[in-house]
Amino acid sequence: MYSVKTILTATAAVLLALAAPAAAVPAAPTAPPRPSVSAAPRPCDGAATCYVDVTVAQVWVSPGQVRPVDAPATTNPADIRGWLTTMSLDERREVAGETQALHGIRVTVDRTEWHGGLLWDHVWVHGQPTPRDQAGRGAYPGWIPDRQLTSEHRRPPGATHEERVARPTARGFATAQAALAGRGSGQAGEYSYNTSFPVKAGPLPGVVTAYSPSGGRLFFRADDLERVPAAPSGADVVAAARAFLGLPYLWSGTSGFGYDCSGLTGQVYSALGVTIPRDAQPQFDAGGGQVPAGSAAGVRITGTEDLRPGDIVAFRPTTGTDVTHVGIYSGTRNGEPMMINSPRTGDPVKEEPIGSTGRVYVGATRFLTR
């Protein structure tokens with residue numbers, strides 16, 4: 001038999017235990033919240049067709065392969081020259097890209113993905129044909145940060161025609177006065193060779209007004225831009241390529257800041273109004289009937305004695321069968337066939353004998369008949 005006091009004491013203890021807060025249980029670790037797609041800025045606006053909104057966009061194989069040293073090439077505005085300046089030769093060799101896209105170039109977006117705090121778009125870059133494009137777009141695949149693209153594309157009513165940057169690079173300015181002087185605080189950006197703009201006559205003699213895809217206005221010196229020639233010749237190809245002698249090689253490069261071998265040949269032809277495949281092997285194959293969608297067809301040339309200036313000469317390694325290098329035949333010097341080419345990392349664009357490359361000549365493709 002328990003006393004009333006004992007019963008009351010036990011009851012009070014139970015009630016106090018029930019009223020006490022439960023011991024805290026450690027929470028399971030959680031991943032940091034993923035940015036909301038709807039809340040994040042999306043320059044491409046989820047559109048299927050967008051346009052490059054930086055001077056040059058590096059097109060990456062995978063967002064996961066972008067290194068800290070590559071950060072200047074992923075911003076808007078992009079600092080391509082700063083990026084190249086900070087990289088060592090080894091870092092240049094290891095760039096995780098296969099091509100670039102110039103300002104204003106159209107891209108098709110087929111999916112998006114967050115990585116490293118950035119929204120990335122998987123795109124197909126138009127004007128760079130490849131057999132890898134099975135949909136017939138005439139476009140090259142890769143990844144571009146969404147912030148380097150825009151869904152806007154306006155043709156200003158005052159623009160009369162298109163012109164392309166005629167130098168390795170040219171500076172655009174925010175005012176006509178700064179453009180005429182070639183300096184000043186009104187600099188809008190440094191644009192690559194072959195970048196195309198809708199233009200009209202500028203407000204000052206010697207200046208043209210150009211427009212970005214979003215309708216933004218900038219000014220160039222008139223002699224920095226030119227129209228695509230109506231009937232380009234092989235001699236035009238050689239003259240254009242010679243402007244890049246001494247330019248450092250850049251794997252994946254298709255801009256006047258640096259070219260790889262097929263980037264040089266492809267962009268020189270593109271600036272003359274002829275679209276050819278992006279890569280070395282397809283450039284050679286286009287002379288043998290294997291022409292990817294969007295590319296001009298070529299003619300196969302076999303012997304060096306049959307070459308004409310402007311032909312694209314192709315090479316394989318001494319121990320391989322695939323074409324891994326191309327250049328532009330430039331004529332003969334002291335009876336020796338010469339070419340202009342962007343050889344390799346650490347070796348700038350040069351004009352040299354075809355037989356001095358350390359590679360095996362396999363033939364050429366002729367895209368122009370003049």
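Here, each number is a calculation from the coordinates, and none is a lab measurement. All of these numbers come straight from a predicted model, not from anything done at the bench. FYI the Cβ positions are ideal-geometry reconstructions off the backbone, even for glycines, and counts take in every protein chain you see.
A few remarks follow.
- Dividing the summed helix terms, -39500 (n - 2.57) for each DSSP H run of n ≥ 4, by the number of residues in the chain produces a 222 nm estimate of -4500 deg cm²/dmol to the nearest 500.
- Size descriptors for segment 161-226, from the alpha-carbon set: Rg then Dmax equal 10.2, 28 Å.
- The GluC sites (Glu not before Pro) of segment 38-125 that meet both conditions, a loop assignment by DSSP and at most 16 other Cβ atoms within 10 Å of the site Cβ, are Glu94.
- The charge dipole of the chain, taken about its Cα centre with unit charges on the Cβ of Lys, Arg, Asp and Glu (plus for the first two, minus for the last two), comes to roughly 600 debye.
- Value of relative contact order over the chain, rounded to a whole percent, pairs C-alpha under 8 Å and six or more apart: 14
- Semi-axes of the equivalent ellipsoid for the chain, Cα gyration tensor, largest first, Å: 55, 27, 18
- Segment 36-125: relative contact order in percent, alpha carbon pairs under 8 Å with at least 6 residues between: 35
- Dividing the C-alpha radius of gyration of segment 49-150 by 2.2 N^0.38 Å, with N its residue count, gives 1.02.
- Shape of segment 234-366, Cα gyration tensor, a/c cut at 1.5: rounded
- Kyte-Doolittle mean at least 1.6, axial Cα span of 20 Å or more - DSSP H helices of the chain: 4-19
- Length-normalised contact order of segment 161-226 in % [C-alpha pairs under 8 Å, at least 6 apart]: 39
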